[in-house]
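The values are calculated or read from the model by the stated rules, or taken from the named source; none is laboratory data. Please read all numbers here as calculations on a predicted model, not as lab measurements. Positions of Cβ are generated from backbone atoms using ideal geometry, with glycine treated the same way; all protein chains shown enter the neighbour counts.
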Amino acid sequence: MTDEIRLGSKLRQARRRQGLTQAGLAQRLGISASYLNLIEHNRRALSAELLVRAADILGLEYRSLSRTRDDRMVAALLEVFGDPLFEGLDILASDVRESATAHEAMADAIVRLYEAYRGARDSVQTMAATLAEGEASDRTHLSRFPSDEVSELLQRHANHFPELERGAETVAEEARLDPDSLFAGLVAHLKRTLRVEVRVAQTNEMRSALRRYDPGRKLLLLSEVLRRGSRNFQLAHQVGLLSQGHVIDRIASDPVLTSEESRALCRVALANYFASAVLMPYDAFLEAARGERYDIELLGHRFRASFEQTCHRLTTLRRPGAEGIPFHMVRIDVAGNISKRFSASGMPFPRFNGACPRWNVFEAFLTPGMVRIQLARMPDGATFFEVARTVHKDGGGFHSPRIQYAIGLGCDVRFAREMVYSDGLDLSNVEAMAPVGPTCRLCDRMDCDQRAYPPIQHPLTVDENTRGVSFYAPLGARPRS
């Protein structure tokens, strides 16, 4: 599907939202109503000049016209119709794509309805299991997970919040922060402007918390287990909550957040965003990222940030006119649970099913602490350059659990040469590209020996006397390495 089709549909939706007739908008654009009708129905291309004029008239942000949201909506809708619930219905992928791009609001409604259905189904199953064990529970919710709603909000904002960036710059200027003495500068700033005392406390006093703020006493306690960079981050996080509360609350009032849990989680995410902006100032960090060719570990050392914090900051470099590489990022645990996800690259992340096991973010668990790289080719031919590494969080003592995640950071292969990790690689070698899919139900590679479910377009056929590459692969399919 072409970009013109996407833009024609978006133009029609924006015009209707503004209450403009075709004739009214056509007159302001200086074209005939019949020509605008052809554009809106995808029969004529929308030129760059007309696009700029239409965006100005309708008050559209250019990033709202990008393919990224369309691609994510198409992927989500395909995943919805990949549910066995819809088997037997003659729903073509091309029909789904056309509906998702031409009727964005309707597609979003279908996805939300399916999310509610999944939530209700999971809640019923949980309740049945609970009752079978003779217990009762009042914690059964039928809505989306708060983390999913927060991810959607971040995606809508392209994970870039200019007001928080400006707030971080203002704090750095007022506090006269020195990168070599951030801790002392932030402590002094809290004391001087907010009358907040800061103290490093022992673990028995913290009771497993890393940071605890007492508003009544205006006392901020930081755990002794935090290293220097993490102490700076937690300090900046608290500064964000106290000094940027009005901005954070306004962003967190977005209707996409449907519960107090979602809004609270969003406030935490936005305070973390602010903290990253303080530790890694936009201009200095972007300059360093470009100069060091996005060497994540080197950038982490320079700005005293963790691998995960550095990766997250790289995804926020979306300031118009001063943009970094459009990255996607995911955090995953050893069981495959995705706890963080964001995509500015077009990489489709599964929302309702498991991710592809061929993705290098899973292989990272086999070599803890080692950076792994991968050229990943999707079934539709889109190719991404992937960097993955494990990270761990220590509780600080022998009896405290060691939590391990894998972080995946990637981009469209077009930007790979800007990254140090691509040195020595032949990025055009198709044979070197790992065949990866969004999720088994949406992947048509029948020669995959790691397939866990049959794809939408191939019904499950079982021959008890014959064993193929996998239980779901037809005879004659050859395994891929």
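For this structure, a couple of remarks:
- Test: Gly240 is at pLDDT 95 or above, buried (at least 16 other Cβ atoms within 10 Å of the Cβ) and either among the β-branched types (Val, Ile, Thr) or touching a Ser or Thr at 6+ places or on another chain (Cβ under 7 Å) (or both): no
- Every residue from the stretch 344-374 that is in contact with a helix residue (DSSP H, G or I) (Cβ under 7 Å, 6 or more places away or on another chain) and closer than 26 Å to Gly82 by Cα: Ala344, Gly346, Pro348, Pro350, Arg351, Phe352, Asn353
- Selection within the stretch 316-347 - among the polar types (S, T, N, Q) and either over 19 Å from Val150 (Cα atoms) or not in a strand (DSSP E or B) (or both): Thr316, Asn337, Ser345
- Against the conditions (1) modelled with pLDDT under 75; (2) assigned to a helix (DSSP H, G or I); (3) among the β-branched types (Val, Ile, Thr), Ile57 satisfies every one except (1).
- Scanning the stretch 173-195 for residues that are part of a loop (DSSP other than H, G, I, E, B) and surrounded by 15 or more Cβ atoms within 10 Å (Cβ to Cβ) returns a single hit, Leu177.
- Candidates Phe161, Phe145: the one that is closer than 30 Å to Ala116 by Cα and free of Cβ contacts under 8 Å to residues at least 40 places away in the same chain is Phe145.
- Only a single criterion out of (1) within 23 Å of Ile403 (Cα to Cα); (2) among the aliphatic types (A, V, I, L, M); (3) crowded, with 17+ Cβ neighbours inside 10 Å; (4) modelled with pLDDT under 95 is not satisfied by Ala271, namely (4).
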